[in-house]
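**Student:** Please read through the structure below; I'll follow up with questions.
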Amino acid sequence: MRWKESPRAVLTALLMIHVLAHIDRNMLLGFSPQITGDLALSNAQYGFLAGAVWVLSFGVMAVFMGSLADRFSRTRVMAGGILLWSACTAASGAAQSFEQMVAARFLVAAGEAALVPAAVSLLADLFSAQRRGSALGVFFMGIPLGIGLSFLLAGTLGAAQGWRGTFTLMGLIGVAVALPLMLLSDRRHAQGETERGAPFVAQMRAMLASLRDSPTVLWTIIGMVLVHVVFAGLSFTQLWLVRERGFDAGGIARQIGILQIVFGVLGSVVGGVLSDRLVGRIKGGHAGFMILLVALCGPLMIAYRFVSPGSALFYAGMCAGFFLPLAMYGPGLALIQGLTPGRMRSTVTGFTMLLFNIFAIAIGNVAVGAISDRLSAAGSGNALTTTLLATDALVIASALFFMLAARGRRVQGAPGVVVAH
């Protein structure tokens, strides 16, 4: 296919779609004070909406969509997902109650589940092992750009359009993006039938067998799940800064947006490019590089909770929290994809997304909301501070699992070539 002969153009298009996905996903965070006030949501309800509702749909559907992408056209699987999430983003803007918002966000998540498994598999095919971490790092720039732009939209366009109007507008943009993508067919005849995934049940059995045979992949996935606990903290960052650090909601939303873009993008680029360049020089390869990232960022993230608001160390810790998880995508997924058979790359990516969403986002968000509510009811004036410190500690604990992965195998050389370390 001609479009596959331009990997950089494909990467650019996928990055733009990924940005759109994370704007739609994270506008809930950017508008959290307005939405919680308008719909009269408690911390626990907000945590459930931002976390558990998402995983109940996104997590399960990521595995199913991944298996579809391994068997059929990855581009058309993605296009169908975009249409679904965009229509339901617009519907979110019309929600009048907690229950209606739950239903709309549930379907937004179902649609967004189609993107990452298919896109990661496609990029793993288009880029060599020496460039795969960089390509994946660029693709995952969509997360900080999308999160940052969602906060910027809340602080700028949201002031004029309101949260409801902004949700509707973004939904219409998504529909316009999806329609051209439907025209691109991801045929795989040249690869042969052996490169296609099996039907869902057989594919899941094959994937689990593959994970049993590759403990390095399993340890890497567990470590990345713990790193993703930082996103549970991010869901409550604006509330924490407004309620316990005295920041203005609109002003801090704009600051979070800008810093998330700058340091999230920097993390994606540094993590992807440097891991590709240093993989042969650092003990443990990609896993060793991830250990180094945790060691550098973890102490700053802890200090951030204690120092004076507005100080240099305060912002250094905030930025480290934006930088670290994005820096993990390039090396982490390059390691996982390099050790995974081509016919199940989307499925393994979907399974990884499922674990991220169950343990880091769903349980994490509900736990942060419920624990902080309980501490507040007990009279604590720093309920969110205490709870968010616990999420930081779990992020730092990821280094233990990357150490286990570093003792195993690492990807080197051409695709599919794996050597003992």
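**Student:** Here is a list: Val201, Val225. Which entry is aliphatic (A, V, I, L, M) and in contact (Cβ under 8 Å) with a residue 12 or more places away in the chain?
**Tutor:** When all the criteria are applied, what remains is Val225.
**Student:** Could you identify the single residue in Arg196, Arg212, Arg205, Arg243 that is surrounded by 17 or more Cβ atoms within 10 Å (Cβ to Cβ), over 24 Å from the mean Cα position of the chain (by Cα) and of a type in the set (D, E, K, R)?
**Tutor:** After applying the criteria, what remains is Arg243.
**Student:** Now a separate question. Does the stretch 63-74 contain any residue that is in contact (Cβ under 8 Å) with a residue 60 or more places away in the chain, under 27 Å from Gly148 (Cβ atoms), of a type in the set (A, V, I, L, M, F, W, C) and touching an Asp or Glu at 6+ places or on another chain (Cβ under 9 Å)?
**Tutor:** For the stretch 63-74, residues in contact (Cβ under 8 Å) with a residue 60 or more places away in the chain, under 27 Å from Gly148 (Cβ atoms), of a type in the set (A, V, I, L, M, F, W, C) and touching an Asp or Glu at 6+ places or on another chain (Cβ under 9 Å): absent.
**Student:** Please list, ordered by residue number, the helices (runs of 4 or more DSSP H) wholly in the stretch 285-373 having 2 or more residues that are touching a residue at least 24 places away in the same chain (Cβ under 8 Å) and among the basic types (Lys, Arg).
**Tutor:** Helices (runs of 4 or more DSSP H) meeting the threshold: none at all.
**Student:** Which residue is farthest from the chain's Cα centre (by Cα), if the candidates are limited to the stretch 247-277 and must be modelled with pLDDT under 85 and of a type outside the set (Val, Ile, Thr)?
**Tutor:** Going through the qualifying residues, I end up with Asp248.
**Student:** Now, a different point. Could you name every one of the helices (runs of 4 or more DSSP H) located completely within the stretch 149-243 that has at least 1 residues being among the β-branched types (Val, Ile, Thr), at pLDDT below 80 and touching a helix residue (DSSP H, G or I) at 6+ places or on another chain (Cβ under 8 Å)?
**Tutor:** Ranges flagged: none.
**Student:** Mind telling me which of the residues Leu355, Leu333, Leu384 ends up being crowded, with 24+ Cβ neighbours inside 10 Å and closer than 24 Å to Gly133 by Cβ?
**Tutor:** Going through Leu355, Leu333, Leu384 in turn, the sole match is Leu333.
**Student:** Would you confirm, using the coordinates I've provided, whether Gly280 is under 21 Å from the mean Cα position of the chain (by Cα), among the small types (Gly, Ala, Ser) and either more than 21 Å from Leu41 (Cβ to Cβ) or in a helix (DSSP H, G or I) (or both)?
**Tutor:** Answer is no for this residue.
**Student:** Within the stretch 288-306, can one find any residue that is over 30 Å from Arg132 (Cβ atoms), of a type in the set (A, V, I, L, M, F, W, C) and either out of contact with any Asp or Glu (no Cβ under 7 Å at 6 or more places or on another chain) or crowded, with 24+ Cβ neighbours inside 10 Å (or both)?
**Tutor:** Yes, the stretch 288-306 contains at least one residue that is over 30 Å from Arg132 (Cβ atoms), of a type in the set (A, V, I, L, M, F, W, C) and either out of contact with any Asp or Glu (no Cβ under 7 Å at 6 or more places or on another chain) or crowded, with 24+ Cβ neighbours inside 10 Å (or both).
**Student:** Go over the candidates Ala103, Ala129, Ala90 one by one and state the one that is of a type in the set (A, V, I, L, M) and free of Cβ contacts under 8 Å to residues at least 40 places away in the same chain.
**Tutor:** Within the list Ala103, Ala129, Ala90, the selection yields Ala103.
**Student:** Next question, about the same structure. Can you tell me which of Ser268, Ser235 is under 16 Å from Thr386 (Cα atoms) and surrounded by 20 or more Cβ atoms within 10 Å (Cβ to Cβ)?
**Tutor:** None of the others qualify; the one that does is Ser235.
The values are calculated or read from the model by the stated rules, or taken from the named source; none is laboratory data. Just so it is clear, the structure is predicted and the values come from calculations on it, not from any experiment. We place every Cβ from the backbone using ideal geometry, glycine too, and count neighbours over all the protein chains shown.
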